[in-house]
Amino acid sequence: MKANALPAAYGRRWLADGYRLFRRSPATLLLMVGAYWLTLLLLNIIPVIGAAMASLLIPGLSVGLMNGCRDLDSGRTPPPSRLYSGFRENRQTLINLGLIYALASMAIVMLVMQFDDGALLRALPTGRLPESENGEAELAAIALVAGLTPLVAAFWFGPMLAAWHRLGAGKALFFSLVACWLNWRAFLMYGLMLVLLCVLAPMLVLVVAALILPDALLGIVAIGVSVPLLLVLMPVVFASFYISYRDVFQASPHE
């Protein structure tokens with residue numbers, strides 16, 4: 001197993017190829033993604049143990065989604081039940097990955113709280129940094145990014161490497177981290193494209209609408225922009241996860 005080091009342009013290509021994969025069967029992929037979030041939501045509302053169960057099952061559910069994307073890439077249309085197929089391969093390792101992810105996330109949260117007593121984490125849903133006189137919020141934000149970046153990199157390919165290559169949890173996370181590091185330029189481009197599509201483009205549409213439309217219509221425009229964007233972009237992003245794996249770990253990347 002060898003990870004290819006790809007140029008930055010692949011970050012843009014992952015989203016474009018993810019969209020092409022989505023177009024092969026939009027309803028199927030959208031239904032699988034919806035079932036993924038619904039499953040996690042239902043688990044999280046179970047008292048006491050629900051959130052822990054959801055954390056443990058996320059890697060297996062993610063592999064199930066990637067199985068569906070791999071089917072589409074091979075010309076097959078997967079049934080919605082394909083979402084739960086991820087637990088057929090290396091199940092215990094996938095559960096171990098979920099446990100590691102939950103513990104690592106808790107450790108990062110505890111680290112960030114040391115800087116500002118949790119003010120940043122409470123403010124995240126608002127999209128604004130909390131006010132601070134001594135830079136605590138900025139330090140907390142730096143700590144959050146510093147903690148989450150390697151965690152996301154380790155789990156980007158980790159579940160797929162565990163399920164499809166039957167690696168142990170430690171090796172899967174290590175090889176995923178190394179593969180992401182080798183392709184940091186492509187991932188930087190990927191992140192910039194996501195910001196462009198998810199934030200800047202909708203914001204531009206809403207700003208233009210605010211300039212030319214009455215206030216009463218702005219809410220309708222906002223819904224008209226956000227709902228289709230969510231229904232298309234969410235499955236496309238999941239498909240791009242698979243595309244990034246395919247390009248990084250296949251024998252020779254397409255040109």
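Annotations for the structure displayed:
- One residue stands out in the range 101-110 among those that are more than 17 Å from the chain's Cα centre (by Cα) and either of a type in the set (Val, Ile, Thr) or modelled with pLDDT of 90 or more (or both): the one that is nearest to Leu173 (Cα to Cα), namely Leu103.
Results for (1) within 13 Å of Pro235 (Cβ to Cβ); (2) under 15 Å from the mean Cα position of the chain (by Cα); (3) not in a helix (DSSP H, G or I), shown as yes or no for each residue.
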site: Phe22; (1), (2), (3): yes, no, no
site: Gly34; (1), (2), (3): yes, yes, no
site: Pro47; (1), (2), (3): no, no, yes
site: Ala51; (1), (2), (3): no, no, no
site: Val63; (1), (2), (3): no, yes, no
site: Met66; (1), (2), (3): yes, yes, no
site: Leu72; (1), (2), (3): yes, no, no
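- Complete set of residues in the range 140-170 that are under 19 Å from Leu65 (Cα atoms), part of a helix (DSSP H, G or I) and touching an Asp or Glu at 6+ places or on another chain (Cβ under 9 Å): Ala162, Ala163, Trp164
- Lone qualifier among Ala201, Ala172, Ala162 - being surrounded by fewer than 15 Cβ atoms within 10 Å (Cβ to Cβ) and among the small types (Gly, Ala, Ser): Ala201
- Each residue in the range 10-20 was checked for being touching a residue at least 24 places away in the same chain (Cβ under 8 Å) and more than 18 Å from the chain's Cα centre (by Cα), and 0 of them qualify.
- The numbered conditions (1) at pLDDT 95 or above; (2) part of a loop (DSSP other than H, G, I, E, B); (3) of a type outside the set (Gly, Ala, Ser) are all true for Pro78 except (1).
- The residue list Ser81, Ser74 contains one member that is under 14 Å from Arg246 (Cβ atoms) and surrounded by fewer than 14 Cβ atoms within 10 Å (Cβ to Cβ), which is Ser74.
The values are calculated or read from the model by the stated rules, or taken from the named source; none is laboratory data. Only a predicted model underlies this, so the values are computations on that prediction, with no experimental measurement involved. In this analysis, Cβ positions are derived from the backbone assuming ideal geometry, glycine residues included, and neighbour counts consider all displayed protein chains.
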